[in-house]
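For reference, the structure discussed in these notes is given below.
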Amino acid sequence: MSRDQFGSVFLIGAGPGDPDLLTVKAQKLISQCDALVYDSLIPLELLELVPKQCQLYSVGKRRGHHSVPQKKINDILYSLSQNCSCIVRLKGGDPFLFGRGVEEASFLAKKGVSVEVVPGVTSGIAVPAYVGIPLTHRLAGSSVTFVTGNEGLNKQRPLVNWRSLALSTDTLVIYMGLYNLEFIAAELIAGGMNPQISCAVI
């Protein structure tokens, strides 16, 4: 089957949880899609935007409760692309920032399915702003690093070198870090970070 015989899949970022932060392009696509595959972290108000005939698929995952495995989500998207013209894959935050969007996009592209990414406002920027914390400051902070705090501690080859991050950036934004917080803090301090440095857990 050729690429133009498939429907198009749009990987859309729903933003950090405030439905008013959805982009205009995302809203347009949601309001005209044939199928919507969505995560548990999206604002549920967004489901009111879909057409009446739209097929809805909840594939949300939370720590320790992966209701739908990633392989199954990939298969759902591919199957829908064969029967629907506009498929929206709605993900919390931004689809390419710790959102597994690249895994879905790569899988579909290899199958010949057209994929378009619609960026979303990421929580790493929006949430600090909402509580009045600037990530940069002209006189104090010239760099920001986004890092996942959910990397398995027993991973065979960990990719996050916390000790090297301790002194290499002005602002460190850690996503999903609560579960490993004690380990992360100990590693940052071991890398030279001041134990009294200002921080916020939001």
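The values are calculated or read from the model by the stated rules, or taken from the named source; none is laboratory data. Given the structure is predicted, the values throughout are model-derived calculations rather than measurements. Note that each Cβ is placed from the backbone with ideal geometry, even for glycine, and that neighbours are counted across all protein chains shown. Areas reflect the complete protein model, heavy atoms only, side chains present, ligands, DNA and RNA absent. Shrake-Rupley method; radii C 1.70, N 1.55, O 1.52, S 1.80 Å.
Run the accessible area of the chain with a 1.4 Å probe and give the carbon-and-sulfur part as a rounded percent. Answer for the chain: carbon and sulfur cover 54 percent of the accessible area.
If R0 equals 35 Å, the separation of the Cβ atoms of Asp18 and Gln70 corresponds to a calculated FRET efficiency of about 0.85. Each semi-axis of the equivalent ellipsoid for the stretch 107-186 is √(5λ) with λ an eigenvalue of the Cα gyration tensor; in descending order they amount to 27, 21, 12 Å.
In plain terms, if you count all Cα to Cα distances in the chain and split them into 5 Å steps from zero, the share in each step is 1, 7, 14, 17, 16, 14, 11, 9, 6, 3, 1, 0 percent.
Select from Ala190, Phe146, Val88 the residue farthest towards the positive end of the dipole of the stretch 47-202; place +1 on Cβ of Lys and Arg, -1 on Cβ of Asp and Glu, and compute about the Cα centre. Result: Val88. Estimated purely from DSSP H runs of n ≥ 4, each contributing -39500 (n - 2.57), the mean residue ellipticity at 222 nm for the chain is -7000 deg cm²/dmol once divided by its residues. Entry note, the stretch 31-135: relative contact order of 26 percent, from Cα contacts under 8 Å with a spacing of 6+ residues. Summed over the residues of the chain and divided among them, the accessible surface reaches 59 Å² per residue at a probe radius of 1.4 Å. Each Lys and Arg contributes +1 and each Asp and Glu -1, all at the Cβ; summed about the Cα centre of the chain, the dipole is approximately 480 debye. Note on the chain: antiparallel DSSP beta bridges, both residues inside, total approximately 15 percent of the bridges counted. Here is the P(r) of the stretch 1-50: all C-alpha pair distances, binned every 10 Å from 0, give 23, 54, 16, 7 in whole percents.
Under 13 Å Cα-Cα from Lys111, which aspartates and glutamates qualify once same-chain neighbours fewer than 8 residues away are excluded? Output for Lys111: Asp4, Asp75, Glu103. For Lys28, a cut-off of 16 angstrom between C-alpha atoms picks up these aspartates and glutamates, skipping any fewer than 8 places away in its own chain: Asp20, Glu45, Glu48, Glu116. Cα axis of helix 181-190 to longest principal axis of the chain: angle in degrees, 0 to 90, nearest 10? Helix 181-190 sits roughly 50 degrees off the main axis of the chain. The ellipsoid equivalent to the alpha-carbon distribution of the stretch 84-145 has semi-axes of 33, 13, 8 angstrom, derived from the gyration tensor eigenvalues as √(5λ) and listed largest first.
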